[in-house]
Structures are given as C-alpha cells and as structure tokens.
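As structure tokens, the structure follows; a few thoughts come after it.
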Amino acid sequence: MKIDVYADVVCPWCYVGERRLEQALAERPNLAVERHWRPFQLRPEMPAGGMPRAEVLGRKFGGPERLRVMDERLAEVGAADGIRFAWERVTTSPNTVDAHRLILFAAERGLEWPLAHALFAAYFTDGRDLNDHDQLVAAAESVGVAGEEARVYLASTRGMAAVAESQRTAEELGISGVPFYVIDDRYGLSGAQPVEVFLQVLDAYAGTAAVG
C-alpha cells in the first residue's frame, strides 16, 4: 500500500495527523506501507524570510484573541497525542520551500519521516526559524543527514522544481487544504483523523486490495 501524505511543516493539524497515522500504522505492523511526503505550501507566496506569525495568522483568523483561542484548543488536542505546542516560542511564519526541499533530500537517504518529525518539533515545540539554514541543517543532522551535504544542498536550487510540481499535482487533485492522504493514487482522506478512523481506512483498503 502506498500513502502519499500532502502536508506542510507549519501546519499544526498536519503534525497531529502524522502522529495519529503513525499510531495507526504501529497497530498494523503486518501491513506493508510505503509512505511518502508530498510538499504542500499553505502560503507559497510568503516572502523568502517569512513574516511574524501573529501578524499573518492574526489577520487571517480575525485578530489576536481569536488566534489565542485557536492556539489553546490546538494545545489541548496536541497534548492528547503527545505533542507540545509551545505557542509562546513560535514567532515566525516562514516560507517553507527550503524545509520541503530538505525533506525530499532526506528521502533520498531513507530519512524523510525522521526529518519531517524533527522539523515539526523544531517549529512547534522549540520555536525554531525554518527560514534559517543553520536551524534546518541542525534538524537534518539530528536525524543522521550529513550537515555539510545538507548545507550545500540548501545553497543550491535543487528540489525547487519538485516542490512546485507537488503543489501543482495537489491542485490538480483538488486538494485545497492539508493534511491530505492519497492511498495508491485512488483513495483520498482529508484531515487529522482520529486513530480509529485511520485504522478503519487501512483495514478496509487492505481488504479491498486483497480481494482485488
């Protein structure tokens, strides 16, 4: 079974959804799953250096008070799944193209999911600036990617076309929000579903595939 995961590293629901999918897969150890990160930028128009998070999201969601309420709700949801959203540390809304590129680079070494998890934690728990190449390289090194290789890669334009192509593919599939999961190029599932829903989908699809 192949699962394409369309997500962004600054999307909190993507972090929650990935944690829940991991839990579901852990409960189905005999299910052979090939899982791929598919870049989706929530704000591809974001300036290269990013912008203050409070400014960007406060404007989007109707002001600082509404943003605070949403953050509190997400903190409660995340805590139930073992995720700490430290909103007091998250001050930037970065352009995530470099983070996506680095995940694709790590995928060539079989490390895309360790790095994706490291970047989620770096941003949401540690408040790292994902536009800072030093911070990105540190995350890559933490999961076993050679730091100098990652730095040289980020200084190049490699991976830019792949990120843009993934975005176009998502649009062609009608994906307007993430997380979004595409199973074997045929079945789509949207949102950070509960573990039980992921299990139901995995079981149902595995059964259909076996019959087919």
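Quick check on V182: is it closer than 21 Å to V33 by Cα, modelled with pLDDT of 95 or more, in contact with a strand residue (DSSP E or B) (Cβ under 8 Å, 6 or more places away or on another chain) and assigned to a loop (DSSP other than H, G, I, E, B)?
When the stated conditions are applied, V182 does not pass them.
So R43 fits all but one of (1) surrounded by fewer than 16 Cβ atoms within 10 Å (Cβ to Cβ); (2) among the basic types (K, R); (3) free of Cβ contacts under 8 Å to residues at least 60 places away in the same chain; what number is the exception?
(1)
Any residue that is touching a Gly at 6+ places or on another chain (Cβ under 8 Å) and over 30 Å from E165 (Cα atoms) - is there at least one of those in region 45-63?
no
Being in a loop (DSSP other than H, G, I, E, B), of a type in the set (A, V, I, L, M) and over 13 Å from R38 (Cβ atoms): is that true of A192 here?
Yes; evaluated as a whole, the condition is true for this residue.
Yes/no matrix, rows are residues, columns are (1) touching a residue at least 24 places away in the same chain (Cβ under 8 Å); (2) surrounded by 15 or more Cβ atoms within 10 Å (Cβ to Cβ):
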{"site": "S156", "(1), (2)": "no, no"}
{"site": "A170", "(1), (2)": "yes, yes"}
{"site": "G174", "(1), (2)": "no, no"}
{"site": "V178", "(1), (2)": "yes, yes"}
{"site": "I183", "(1), (2)": "yes, yes"}
{"site": "L189", "(1), (2)": "no, yes"}
{"site": "Q193", "(1), (2)": "yes, yes"}
{"site": "E196", "(1), (2)": "no, no"}
{"site": "G207", "(1), (2)": "no, no"}
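Checking E18 against (1) under 17 Å from the mean Cα position of the chain (by Cα); (2) part of a loop (DSSP other than H, G, I, E, B): exactly one of these is not met. Which one?
Among (1) under 17 Å from the mean Cα position of the chain (by Cα); (2) part of a loop (DSSP other than H, G, I, E, B), E18 violates only (2).
Please note which helices (runs of 4 or more DSSP H) are completely contained in region 64-139 and include at least 2 residues that are without any contact (Cβ under 8 Å) to a residue 40 or more places away in the chain.
64-80, 112-124
The values are calculated or read from the model by the stated rules, or taken from the named source; none is laboratory data. This one's a predicted model, so the numbers in the text were calculated from it and none came from an experiment. Glycine gets a Cβ as well: all are built from the backbone with ideal geometry, and neighbour counts include every protein chain shown.
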